[in-house]
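Read the structure below first, then the notes.
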């Protein structure tokens, strides 16, 4: 499951660079569902992806 999470994070980061943002809305579910973070805890790393 962690491999899927890392792969998803790479894909989200790639598309964030292409379109210039909007990755937080995709990052929170990846951190919450694949890594098991709570929604509040997943918000901080999703904002630091950019």
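Cβ-Cβ distance below 8 Å, separation of 6 or more or different chains: which pairs start in segment 21-50 with a residue that is on the phi > 0 side of the Ramachandran plot and modelled with pLDDT under 75 and end on one that is outside any loop (DSSP other than H, G, I, E, B) and surrounded by 12 or more Cβ atoms within 10 Å (Cβ to Cβ)?
Correct list of pairs: 22/16.
Tell me which of these residue 4 doesn't satisfy, since it passes every other one: (1) at pLDDT 80 or above; (2) touching a helix residue (DSSP H, G or I) at 6+ places or on another chain (Cβ under 9 Å); (3) assigned to a loop (DSSP other than H, G, I, E, B).
For residue 4, the exception is condition (3).
The values are calculated or read from the model by the stated rules, or taken from the named source; none is laboratory data. Computed from a predicted structure; not experimentally measured. Methodologically, a virtual Cβ is constructed for each residue, glycine included, from the backbone with ideal geometry; neighbour enumeration extends over all protein chains shown.
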